[in-house]
Amino acid sequence: MGDFDLSSSFIPSLHKPSSLLPTARHRESLLYLIETFPVTIVVGQTGSGKTTQIPQYLDQAGWCADGKIIAVTQPRRVAATTVATRVAEEMRCILGQEVGYSIRFEDLTSAATRIKFLTDGLLLREALIDPLLSRYSVIMVDEAHERSLSSDVLLGVLKKIRKRRPDLRVVVSSATLQAEDFLRFFVGDSADHGGTGSEIGGSVGRIISLEGRMYPVDIHYLEQPAEDYVERAVKTVFDIHSNEPDGDILMFLTGREEINTVIELIADRAGSLHAKAQSIMPLPLYAGLTTEQQIYVFEPSPENTRKVIVATNIAEASVTIDGIVYVIDCGYVKLRAYNPTTGIETLTATPVSKASATQRAGRAGRTKPGKCYRLYTEQAYTTLDEATIPEIQRSNLAPVILQLKALGIDNIARFDYPTPPPAELVIRALELLYSLSALDDYAKLTKPLGMRMAELAVEPMMAKVLLSASAFGCLSEMLSIAAMTSLQGAVWFYHDGSKETTESARRKFAVEEGDHLTLLNVYQAFVTKGKKEAKWCRDNYLNFKSMTRAVSIRNQLTRYLERFGVRIDDLSASKDVLRAGGPDKAEQIRRCLTTGFFAHAARMQPDGTFRTVSGGTALHAHPSSLMFNRKADWVVFHEVMETGNKTFIREVTKIEKGWLVEYAPDYYQVKR
DNA sequence: GAGCACTGC
């Protein structure tokens, strides 16, 4: 490894008896701070035990008296369930009793629950029913440094609630870098500013640091920039393999295509390894794989074999793999961003932030001292941003604004976010919500339409469609379509080398009018012919986990609509649902889609690409779409996304031009 | 003729 420049940094380890965890030494100070100040920022590295221990200390200290609950939010569903299980074990109680969790589709809590783990998105939903979150004495927002859309909004809402609930205690867990920012956020412009000067927190809050437990990780940089990091990554694998002791390798790349390339290259070159040498086993890991395809990375390496896990950013925080000693970091990540001028989302490979690079390196030091090879120079490292731009500054904010309005926060411009989004994003969101009639001329939430749209767990355009559907007599169908589009493309799975079979499997479900009706067909087949079985899915190249999820989503949406008093027409008895309601059922569905997706209308050009009414860039039907190689005139689409140099539309359905003016007269008069 | 990083309600 001669061409790597060696410098070191120490990143602290995991799974120790709880009495030995660093948090235990800080128990009294933690409890004192939380008792004394409304806001406590906890800087706790991996292995500090903050997530599992702090709620137990709080419970023991009496924060659950009078039936109050301690809430701990997590950014991901798995985190909420696994941490709750662990704490229930430590407290020797049955999960769902004193300790429980609540995530979408699963509520394992009871009247006895004192400590509740939940996703941050779900706690925000609870605020719709209980605006002051009055059931909770303490709310701990874990992993706030990840800056997810919902944790940022939650922090803003908690800051507001705090003013009306002096008894509420907020605990924010953060990485070092952002701790002061979070504290300043809670202090800023606050009624009880005050304080003694030197402390930023004043009377509002304090920061407490808990050391983590990890092994040191040596960081190695390239001396010269790599011309091709894919090639360089493969070389590094073999350098490690021939020169370094046992231990598995985790490699960070940006996406599926790159991962497959690297896996092939490693497999090719592994053939020329010494016959007696330890063998090498490359394994892919990215979200698009099915559960069965993912489990291999978690199994211990076979005898005399070194695993090389080639992963996307999924391995940075969402998924933890034991036995990793070496990390190879390409220095890039694919990030989504929303352009408020064009309304187009981009997905682009971007240099990682320093915080991200540190997190990736830390994956090497969980079980013993490790090494991290960065495929860039130390000079390049110094130019990286400190932290990734928060989602709230690069997302379509229509769902966020709708949610805030539903929480009674009318003055969107003055809402206090941890970092405010650009005004253009807010304006674009307000315009869209107005065009969908979710907001009135005074930007007030309309009732019941806007309020119901906020309550439905689908994006505003689809929410509008669902709420129009019974008038078109296609509510049952639209519920299935909404559930299927919520899967965001994860309907089919892709198997290398079997493209043709995948295509022919898909063709079986194809419906001339477009992708939405095709998705409906798939859903119907899964619940009838397929009997909701995994085997049927495999035979048809469908992702079983996704299909099961679609059933749950559909059930949940159905319950919401029933609560709104909308009658669900039952068509479950008919075999051919599309034609069951008469020959124009498909047309009703397409008309209904237009009532929500009129702003996503486009017309096919002679060259086969699409243009919106306002012109703009050429839109290509995504290769996964039925419209990829078919003729069409006017269409509506679910989503538009730019990847590489092309802009793709996904989930495309044929409509009539006249419907646009019929269902969105204001929108289309202005445009022409 | 060619493909979606990752979460969440």
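Read-outs: derived from the displayed coordinates by stated rules, not from any lab. Everything numeric in this text was worked out from a predicted model, so none of it was measured. As a convention, Cβ positions derive from the backbone with ideal geometry for all residues, glycine included, and neighbour counts pool all protein chains shown.
Below is a table of values for the structure above.
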read-out: Amide H partners (placed H, <5 Å) of A:I280, local residues excluded; value: A:R306
read-out: Length added when fully stretched, A:E431-A:T419, from 0.36 nm per residue minus Cα-Cα; value: 2.1 nm
read-out: Prolate/oblate/rounded call for the stretch A:226-298, Cα gyration tensor, a/c under 1.5 rounded; value: oblate
read-out: For the stretch A:451-465, Karplus couplings with θ = phi - 60° (6.51, -1.76, 1.60), whole Hz, Gly/Pro x; value: 4, 5, 4, 5, 6, 6, 7, 9, 4, x, 4, 6, 4, 4, 4
read-out: Computed FRET value (nearest 0.05) for A:T609 with A:T261, which takes r as the C-beta separation and R₀ as 25 Å; value: 0.35
read-out: Residues A:E378 and A:T36, FRET efficiency given R0 of 41 Å [Cβ-Cβ distance, rounded to 0.05]; value: 0.45
read-out: Amide hydrogen neighbours beyond the local backbone of A:L132, cut-off 5 Å, H modeled; value: none
read-out: Amide proton proximity set for A:A621, modelled H, under 5 Å, gap of 5+; value: A:F610, A:I649
read-out: Derived scalar couplings ³J(HN,Hα) [the stretch A:208-213; Karplus, 6.51 cos²θ - 1.76 cosθ + 1.60; whole Hz; x for Gly, Pro]; value: 10, 9, 10, 5, x, 10
read-out: Residues of type aspartates and glutamates that A:K50 reaches as a straight line, Cα spacing below 13 Å, ignoring anything fewer than 8 places off in the same chain; value: A:D142, A:E143, A:E211
read-out: Gyration tensor verdict on the stretch A:292-331 (Cα atoms; rounded if a/c is under 1.5, prolate if a/b is larger than b/c, oblate otherwise); value: oblate
read-out: Cα-based shape type of the stretch A:217-391, given that a ≥ b ≥ c are square roots of the gyration tensor eigenvalues and the cut on a/c is 1.5; value: prolate
read-out: Cα-based radius of gyration of chain A once divided by 2.2 N^0.38 Å, which approximates compact folds; value: 1.01
read-out: Beta bridges per DSSP with both ends in chain A, % antiparallel, nearest 5; value: 40 percent
read-out: Distance between modelled label sites at A:A490 and A:Q60, nm, 7 Å Cα→Cβ extension; value: 3.8 nm
read-out: Neighbour-count order for A:V636, A:V551, fewest beta carbons within 10 angstrom listed first; value: A:V551, A:V636
read-out: Structure-based [θ]222 nm, chain A - -39500 (n - 2.57) summed over DSSP H runs of at least 4, per residue, nearest 500; value: -11000 deg cm²/dmol
read-out: Backbone N under 16 Å from the A:E244 label point (7 Å along Cα→Cβ), restricted to the stretch A:200-237; value: A:215-223, A:232-237
read-out: Additional length obtainable on full extension of the chain from A:T528 to A:S272, 0.36 nm per residue less Cα span; value: 87.1 nm
read-out: Column: log10 I(q)/I(0), Debye, Cα scatterers of the stretch A:389-468, q = 0.20 Å⁻¹; value: -0.82
read-out: Stretchable slack from A:R135 to A:E512, in nm (0.36 nm times residue separation minus alpha-carbon distance); value: 130.5 nm
read-out: Label-point gap, in nm, between A:Y296 and A:E503 - each point 7 angstrom along Cα→Cβ; value: 2.6 nm
read-out: FRET efficiency estimate (nearest 0.05) - Cβ-Cβ, A:R25 to A:I412, R0 56 angstrom; value: 0.80
read-out: Within the stretch A:103-145: backbone nitrogen closer than 17 Å to the A:L177 label point (7 Å, Cα to C-beta); value: A:143-145
read-out: Rounded to whole Hz, the Karplus (6.51, -1.76, 1.60) HN-Hα couplings of the stretch A:369-382, x for glycine and proline; value: x, x, 9, 10, 9, 8, 7, 8, 7, 5, 4, 4, 4, 5
